[in-house]
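Okay, so here's the structure we're looking at.
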Amino acid sequence: MIDITRVNGTTLMINADLIESVEETPDTVITLTTGKKIIAKESRQEIKNLVKSYRKDIFTNISF
């Protein structure tokens, strides 16, 4: 899960695995696989970095 900020200033935690696309139009629009769209304050690059960090954290904490 990653934390994002909506344009109205509220924070929202979303499942990074459900992100289908992120585009700047000029607002950052996150489209989920469910079809829901979320407008975020973070840039496309910031969202990308949050997802990368989230995935890195998951894969470094796997114990076999």
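Some points to look at:
- Karplus (6.51, -1.76, 1.60) ³J(HN,Hα), θ = phi - 60°, over region 20-25, in Hz, Gly and Pro reported as x: 9, 7, 9, 9, 10, 9
- Identified option (computed P(r) over Cα pairs in 10 Å bins from 0, in percent; candidates (i) 22, 53, 19, 5, 0; (ii) 16, 23, 16, 15, 15, 13, 2; (iii) 26, 57, 17, 0): (i)
- J(HN,Hα) series, region 36-47, from Karplus relation 6.51 cos²θ - 1.76 cosθ + 1.60, nearest Hz, glycine and proline x: 5, 10, 10, 9, 10, 6, 5, 6, 4, 5, 5, 4
- The lysine pair count for the chain, using Cα distances under 19 Å and pairs eight or more places apart or on different chains, is 4.
No lab work stands behind these numbers, since they all come straight from the coordinates. Treat the numbers as computed from the prediction; the structure is a model and nothing was measured.
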